[in-house]
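Peer 1: The structure under discussion is supplied below as structure tokens; questions concerning it will follow.
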Amino acid sequence: MTCSIGKACVFCEIIAGRSPKSLVYEDDNLLVVMDIHPLSEGHCLVIPRQHSERVHELAPRLRAHLFEVGVQVRCAITASALACDDANFIVNDGCHANQEVPHVHLHVIPRRKRDHLRILKRMLRKAFASWAHQAGYDQLDRQASLIRRALPEIIQAPN
């Protein structure tokens, strides 16, 4: 799939199995993977299988499912060995809103006490430098496994 910027969509490549991923969860409508440039340990992306650049392009049930799965992933992170005190749920909707990949995705970013400076440093590095922190797949696969084990057995898909 080609996005409006004329390049192959990295998320469509991941969904199609042509690019590596650390999988947390998948169903017929979306998948959850670990962010390769995490702002914190356990940082996940909830990605619809349907290629849409903007949130309003998703059907209402898919939007609801996207956020419901995001909430369940956040709860799983809290219940896992990764733990978190709070979380940020972030959707950057459009390039002027810092959407780097023009494919809808929800960031689930675990937050911990006194992590503000570390998170800010990683955000600035990611925004202004090509040497942003990139986690290795062995580390991401370990985190994905911890979150997967803590996920509820059934995540309801939209009707």
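All of the numbers you see were taken from the coordinates with simple rules; none came from a lab. This structure is a prediction, so every number in the text was calculated from the model and none was measured. As a convention, Cβ positions derive from the backbone with ideal geometry for all residues, glycine included, and neighbour counts pool all protein chains shown.
Peer 1: With the crude spin-label approximation of a point 7 Å out along Cα→Cβ, what separation in nm comes out for R61 versus F128?
Peer 2: Each label point is offset 7 Å from its Cα along the Cβ direction, giving 4.6 nm.
Peer 1: Next question, about the same structure. Where the convex hull is taken over the Cα atoms of the range 12-97, what is its projected area averaged over directions, in nm²? Mind showing how you got there, number by number?
Peer 2: Numbers: hull surface 24.2 nm².
Over all viewing directions, the range 12-97 projects a mean Cα-hull area of 6.0 nm².
Peer 1: With all pairs of different alpha carbon atoms counted, what Kirkwood hydrodynamic radius in Å does the range 7-60 show? Walk me through the numbers before you get to the answer.
Peer 2: Working: mean 1/r = 0.0836 Å⁻¹.
For the range 7-60, inverting the mean 1/r across all distinct Cα pairs yields 12.0 Å.
Peer 1: Another question about this same structure. Between R54 and D86, what is 0.36 nm times their sequence separation minus the Cα-Cα distance? Round to one decimal in nm. Please list the in-between numbers first.
Peer 2: Values: separation 32, 0.36 × 32 = 11.52 nm, distance 2.62 nm.
8.9 nm is the gain from fully extending R54 to D86.
Peer 1: Please list log₁₀ I(q)/I(0) at q = 0.12, 0.13, 0.24, 0.31 Å⁻¹ for the range 78-132, using the Debye equation with identical point scatterers on the alpha-carbon positions.
Peer 2: -0.35, -0.41, -1.09, -1.18
Peer 1: Which one of D35, D138, D86 has the biggest mean-square fluctuation once the chain is modelled by GNM with Cα springs under 10 Å?
Peer 2: For the chain, modelled as a Gaussian network with Cα springs under 10 Å, the answer is D138.
Peer 1: As an exercise, take the mean of 1/r over every pair of distinct alpha carbons in the range 1-151, invert it, and state the Kirkwood radius in angstroms.
Peer 2: Values: mean 1/r = 0.0638 Å⁻¹.
For the range 1-151, inverting the mean 1/r across all distinct Cα pairs yields 15.7 Å.
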